1. Every residue in region 2-34 that is at positive phi and without any contact (Cβ under 8 Å) to a residue 40 or more places away in the chain, please.
2. Which members of region 56-78 meet the condition of being farther than 17 Å from Pro8 by Cβ and either buried (at least 17 other Cβ atoms within 10 Å of the Cβ) or charged (D, E, K, R) (or both)?
3. Is at least one residue of region 46-62 at pLDDT 95 or above, among the small types (Gly, Ala, Ser) and farther than 20 Å from Thr110 by Cα?
4. May I ask you to list the residues in region 64-101 that are out of contact with any helix residue (DSSP H, G or I) (no Cβ under 6 Å at 6 or more places or on another chain) and either within 14 Å of Lys4 (Cα to Cα) or basic (Lys, Arg) (or both)?
5. Quick one: Pro135 ticks every box in (1) of a type outside the set (Asp, Glu); (2) over 16 Å from Val37 (Cα atoms); (3) at pLDDT below 95 except a single one, so which number is it?
6. Suppose we keep only residues that are part of a loop (DSSP other than H, G, I, E, B) and over 19 Å from His16 (Cα atoms) within region 78-118. Which one would you say is modelled with the lowest pLDDT?
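The values are calculated or read from the model by the stated rules, or taken from the named source; none is laboratory data. Quick caveat: nothing in here was measured; it's all calculated off a predicted structure. A quick note on method: Cβ atoms are made from the backbone with ideal geometry, for glycine too, and the neighbour counts reach across all protein chains shown.
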Amino acid sequence: MYQKILVPIDGSENSHYTLAQAVKLAEIFGPDCAVTVMHVGSFLPYADVAMAVDMTRLLHDEAKAVLADAEPFFGGTAVRHDTLAVEGDPAEEICRTARSDHFDLIVIGTRGRSLFTELLLGSVSHKVLQHAPCPVLVIRKPA
C-alpha cells in the first residue's frame with residue numbers, strides 16, 4: 001500500500017502521538033514501508049548579528065533535539081526510518097518535500113483548534129491538506 005510516509009513533528013505532545021500512530025501504520029503496511037520524520041525550523045526574518053545570537057545554530061540544535069526525541073518511537077519495531085531537518089514555512093516545506101521525494105502519504109497532527117479559529121488563522125495541517133501532492137492523514141489526539 002504505502003511505502004514512503006512523511007511525518008512532520010514539532011516536539012509537542014500532539015506530534016509525538018501522531019508519530020506513534022504513524023509507526024503503527026508503517027508496521028501494518030509491512031517491511032516495504034519506510035517513515036521519514038521531519039522537523040521544520042521556522043524561518044526567522046531577523047539578522048543573526050542584530051540579535052547577537054547564532055540563530056542558525058539555535059535552529060540546528062532545536063531540530064537535532066526534536067528528531068532525537070523521535071527515535072524511541074521506533075524501538076522494538078522493524079520499521080525503517082530516517083530523519084530530515086529543514087528551515088522555512090512548515091506547510092510549504094512539508095508539501096515541497098512530499099513532492100520532490102515522492103512520498104505516498106503524509107501523517108500530520110493537529111492542535112485541535114476550533115473551526116472558527118482555523119478559518120481565521122489557518123493551520124499547518126490545513127494548509128498541507130490543501131496543497132499536498134499525496135494523501136494526508138490528519139491525526140487528532142483524543143482529549
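1. Taking region 2-34 as the starting set, the residues that turn out to be at positive phi are 11, 30.
Within region 2-34, just Gly30 meets the criteria.
2. Within region 56-78, the subset farther than 17 Å from Pro8 by Cβ is 56-58, 60-61, 72, 75-78.
Across region 56-78, the qualifying residues are Arg57, Asp61.
3. Taking every residue of region 46-62 in turn, none turns out to be at pLDDT 95 or above, among the small types (Gly, Ala, Ser) and farther than 20 Å from Thr110 by Cα.
4. If the condition is that a residue be out of contact with any helix residue (DSSP H, G or I) (no Cβ under 6 Å at 6 or more places or on another chain) and either within 14 Å of Lys4 (Cα to Cα) or basic (Lys, Arg) (or both), then Lys64, Arg80, Asp82, Leu84, Arg96, Thr97, Ala98, Arg99, Ser100, Asp101 are the ones that fit.
5. Failed condition: (3).
6. Our first condition is that a residue be part of a loop (DSSP other than H, G, I, E, B); within region 78-118, this holds for 78-79, 88-89, 101-104, 110-114.
Among the residues that remain, those that are also over 19 Å from His16 (Cα atoms) are: 88-89, 101-104, 114.
Values: Gly88: 90, Asp89: 90, Asp101: 98, His102: 98, Phe103: 98, Asp104: 97, Ser114: 49.
The residue in question is Ser114.
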